[in-house]
Amino acid sequence: MSIRVMLVDDQVLLRTGFRMVLAAQPDMEVVAEAGDGAEAIENLRSTAVDVVLMDVRMPRLDGVEATRRICAEPNAPKVLILTTFDLDEYAFSGLKAGASGFMLKDVPPGELLGAIRSVHSGDAVVAPSTTRRLLDRFSPMLPSAGPEPRQKELARLTEREREVMMLVAQGLSNGEIAGRLVLSEATVKTHVGRILTKLGLRDRVQVVVLAYETGLVRAGGGAG
């Protein structure tokens, strides 16, 4: 089955370029396009979509608010934020809103396609080191300690799960975590799955955001 993609960008030329790249892939299909967030939400009422490529700076309804509304719905598609500038505060806000990652608009086609496939598969490991740098830069915008309910959620985790969560938040892949903790990669994947379930999170990016919000990890990647 093809990955059903919706392109959301107010620049028609950019949408055309992305559509040409995606249309050449045997496992992808552009099923909808929108010029702003409001149109994207409207399209989702009638069109089944797996991954949304979401611009952030658009008229009427920007990509961050659109992402927040989309991700709040049950069985929502994955959202991949497209931004013009590395470490853009809009990308930070998009991750907070529920996006599964972000990419620069001038990313090489191969990397964009890989990111779409990664997000669709549920891994959501889209440039974890870049995600970490983004959070390091903007984490001063977060409260010094997470709200009490979020702190209580972390208490559900076992000691090993907290270890794994901290390493995920530092941008490590499953393979790197396995090497660090002397575990099999399959075991790490199981731990990550349990963390997501216990904390009600959709993917690894949300694990990173929550780790920063609760102070489990501080700016610079160290444990809180």
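Just a few scattered comments:
- Residue pairs whose Cβ atoms lie under 6 Å apart, sitting 6 or more positions apart in sequence or on different chains, and linking a residue in the range 12-26 that is touching a residue at least 60 places away in the same chain (Cβ under 8 Å) to a partner that is of a type outside the set (V, I, T) and part of a helix (DSSP H, G or I), are V21/P109.
- L7 part of a strand (DSSP E or B), in the same structural domain as A76 (by TED's automatic domain parsing) and surrounded by 15 or more Cβ atoms within 10 Å (Cβ to Cβ): yes
- Failed item in (1) more than 15 Å from H120 (Cα to Cα); (2) part of a strand (DSSP E or B); (3) of a type in the set (V, I, T), with I70 passing the rest: (2)
- Taking each residue of the range 166-177 that is among the charged types (D, E, K, R) and looking for partners that are part of a loop (DSSP other than H, G, I, E, B) with beta-carbon atoms closer than 6 Å, six or more apart or interchain, yields nothing.
- Every residue from the range 38-63 that is among the β-branched types (V, I, T) and either exposed (fewer than 13 other Cβ atoms within 10 Å of the Cβ) or closer than 22 Å to S2 by Cα (or both): I41, T47, V49, V51, V52
- Among the residues here, A91 qualifies as closer than 23 Å to L196 by Cβ and either at pLDDT below 90 or outside the structural domain of V207 (by TED's automatic domain parsing) (or both).
- When L14 is tested against (1) surrounded by fewer than 18 Cβ atoms within 10 Å (Cβ to Cβ); (2) hydrophobic (A, V, I, L, M, F, W, C); (3) over 17 Å from A115 (Cβ atoms), only condition (3) is not met.
The values are calculated or read from the model by the stated rules, or taken from the named source; none is laboratory data. Being a predicted model, the structure only gives us computed values, none of them experimental. As a convention, Cβ positions derive from the backbone with ideal geometry for all residues, glycine included, and neighbour counts pool all protein chains shown.
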